[in-house]
Amino acid sequence: RYDPRDAVERPSSAQAALSPLARVDEWRSRTPEEVMFRTDLPTPTRWRLVGLTRYDGLAWLPADDYRRAGTEVGEPFTATPPTTSRVVVESLDSLWLPVVGNPLQVSADVRVDGGRSGLLPDAEPTRGTEYDVEFEAVTALPAQLASVPAGPSTASSVFVGVDELPSGITELAAAITAGTTDDYQRAQAIETYLREKYALDDESPVGHSLAILDLFLE
């Protein structure tokens, strides 16, 4: 259903904040360890703060199309019955609310980006902030991803939208993905390579610039 209100250019304003990627090392290094937030889900689940989808050559940034959504965040993707979880913020000092799966509804007024990867509340969360999130657990199976038609990228253009990648990165990516035919196979080949060839070192330098990526791979 088309809603003409979606085409209206709404006034926007920039909001400065540290990238969560820049905070990860700080959060991990706190001594003694601190609880970032709590949920009442009975099993471990992958939660996220925000999807960083734009890269300016130095840092990954969140989507810039946040819109006011109230408490109704989005529509379900499947017919899977939704789950509701209560979340309590502890030491997590972030502008974004932790979210899981495909969020459908929250108990606070929020702004949401187009991909529903992050929720920005009107008031910055503080210790003790509580909210309920109704979500749909979405698990992408390999067979489902493999059946998706390949996008515009091809074997000769693995990276799209990033300028001046170090030659070592592009050459390594080309070698890893040789013989693949679509985006899913390329991602799977890179994942397998990284899992088998690299191990996490707590002493490794922090950062997410191209220079740090090149240093890590080399």
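Quick note: the coordinates plus some simple rules give every number you see, no bench work behind them. All figures in this text were calculated on a predicted structure; none of them were measured in a lab.
If you sort the three axes of the alpha carbon gyration tensor as a ≥ b ≥ c, you get a/c of 1.5 or more for the stretch 1-137 and a/b no higher than b/c, which makes it oblate.
Across the stretch 94-102, rounded Karplus estimates of 3J(HN,Hα) from the backbone phi angles (6.51 cos²θ - 1.76 cosθ + 1.60, θ = phi - 60°) give 9, 6, 8, 8, x, 9, 9, x, 9 Hz, Gly and Pro being marked x. With a/c under 1.5 counting as rounded, go ahead and sort the stretch 164-206 into rounded, prolate or oblate using the C-alpha gyration tensor (a ≥ b ≥ c being the square roots of the eigenvalues; past the cut-off, prolate if a/b is larger than b/c, else oblate). Verdict is oblate for the stretch 164-206.
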